[in-house]
Amino acid sequence: MMDWTDRHCRVFHRLMTRRARLYTEMLTTGAIIHGDRKRLLGFDASEHPVALQLGGSDPGDLATTAKIGEAFGYDEINLNVGCPSDRVKDGRFGACLMAEPELVAEGVAAMKRAVKIPVTVKCRIGIDDQDPEVALDTLARGLIAAGADALIVHARKAWLNGLSPKENRDIPPLDYDRVYRLKVAMPDVPIIINGGIGSLAEVKQHLTYVDGVMLGRAAYQEPWRLLTVDAGLFGEAAPHAGMKDVFEAMMPYIEEQLTQGARLHSMTRHFVGAFHGVPGARAFRRHLAENGTRPGAGVKVLQDAIALVDIRADAPMAA
């Protein structure tokens, strides 16, 4: 979710669910140690519970950045060893680290010594020619021995040689049963499943086997799905009845960010799927695309775009 789940996106998503845990985009240890920490790590208090996702391999740097994240107020530190992008591979972090389980375990142990908040790991079931039965068990057991509090498993291999990052999101076949077997083998370890899950019905099915479900593209591309989470999984009312109510609640945040120098497009780019399938959705997207990037664009652009949507159809859809 690099370049997707920034602070503006997370505030938007939080207005649709009180209960789901939100994750930052992956931030590298080097960027945090040497970069503008307030810009990279700052977040709105409404986002809680929110986890900081890190990319890195040096145990000392991971411990340092985990401590920084804890000081900023994050609720969890998550180490990503599942991202297959070229930028990640070149920097010796992400999915390539599945070939170095001992190093990943050292990083987890270092972070656990440095912070009091939970430390979790997101991984794949394997990479390239690894046997997922052996690779995932080896990695998981080492991480739990090092103190990891939970494992989030994307139920696909990552092919670092031969597939692009985009292809790695779809072409390797999903193997949910492999994640279920990991849970059976480690019954006391919280196991969260990820990969290709697109509906609340699917979420409920997976929860009969594992402890949690992570949504990525489905939550971003069709954010209205989040309006069904609290009621469907926790028996609680959603924060808002429909997407137009969500945007009304979002307006004060947008106005505040604009006064601080943010561009409207930096926020509205996360809204393109908000009315997916609702009459007027295409006009909504077109209006934002044509007007949201203009210098000085303000909340009226968004208000005018919302007015193009059929209010009678604005309600959570079947998930």
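The values are calculated or read from the model by the stated rules, or taken from the named source; none is laboratory data. Since this is a predicted model, take the numbers as computed values, not measurements. As a convention, Cβ positions derive from the backbone with ideal geometry for all residues, glycine included, and neighbour counts pool all protein chains shown. When the accessible area is computed, the model is the full protein with side chains, heavy atoms only, and any ligands, DNA or RNA have been set aside. Shrake-Rupley method; radii C 1.70, N 1.55, O 1.52, S 1.80 Å.
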If I filter region 104-115 for residues that are under 20 Å from ILE152 (Cα atoms) and of a type in the set (Asp, Glu), do I get at least one hit?
yes
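So which of PHE43, PHE93, PHE72 is of a type outside the set (S, T, N, Q) and within 30 Å of ALA241 (Cα to Cα)?
Of PHE43, PHE93, PHE72, the one residue that is of a type outside the set (S, T, N, Q) and within 30 Å of ALA241 (Cα to Cα) is PHE43.
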Can you pull out the residues in region 127-143 that are under 16 Å from LEU103 (Cβ atoms) and not charged (D, E, K, R)?
ILE127, GLN130, ALA135, THR138, LEU139, ALA140, GLY142, LEU143
Looking at the structure I just gave you, is PHE275 touching a residue at least 12 places away in the same chain (Cβ under 8 Å) and part of a helix (DSSP H, G or I)?
no
In region 13-41, which residue that is over 13 Å from the mean Cα position of the chain (by Cα) and open to solvent by less than 10 Å² (accessible area, probe 1.4 Å) is farthest from TYR253 (Cα to Cα)?
ILE32
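Does ARG113 count as open to solvent by 40 Å² or more (accessible area, probe 1.4 Å), at pLDDT 95 or above and under 27 Å from THR65 (Cα atoms)?
On the way: open to solvent by 40 Å² or more (accessible area, probe 1.4 Å): yes; at pLDDT 95 or above: yes; under 27 Å from THR65 (Cα atoms): yes.
Here the answer is yes, as ARG113 does meet what is asked.
May I ask you to list the residues in region 215-228 that are in contact with a helix residue (DSSP H, G or I) (Cβ under 7 Å, 6 or more places away or on another chain) and within 13 Å of GLY242 (Cα to Cα)?
PRO223, TRP224, ARG225, LEU226, THR228
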Every listed condition ((1) more than 18 Å from ILE144 (Cα to Cα); (2) open to solvent by less than 30 Å² (accessible area, probe 1.4 Å); (3) of a type in the set (Gly, Ala, Ser)) holds for GLY212 save (1)
When you scan region 255-267, do you find a residue that is under 18 Å from GLU47 (Cα atoms), hydroxyl-bearing (Ser, Thr, Tyr) and open to solvent by less than 30 Å² (accessible area, probe 1.4 Å), even just one?
no
Would you check if ARG225 is surrounded by 16 or more Cβ atoms within 10 Å (Cβ to Cβ), of a type in the set (D, E, K, R) and at pLDDT 95 or above?
no
Counting only residues that are among the basic types (Lys, Arg) and open to solvent by 30 Å² or more (accessible area, probe 1.4 Å), which one in region 116-149 is nearest to ALA63 (Cα to Cα)?
LYS116
Checked region 279-308 for anything open to solvent by 80 Å² or more (accessible area, probe 1.4 Å) and in a helix (DSSP H, G or I); matches are ARG282, ARG285, ARG286, GLU290, LYS300, GLN303
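Here's a check for you: in region 48-101, which residue that is at pLDDT below 90 and not in a helix (DSSP H, G or I) is surrounded by the most Cβ atoms within 10 Å (Cβ to Cβ)?
PHE93
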Scan of region 150-169 for residues that are surrounded by 13 or more Cβ atoms within 10 Å (Cβ to Cβ) and more than 19 Å from ALA99 (Cα to Cα), ordered by number
ALA150, ARG169
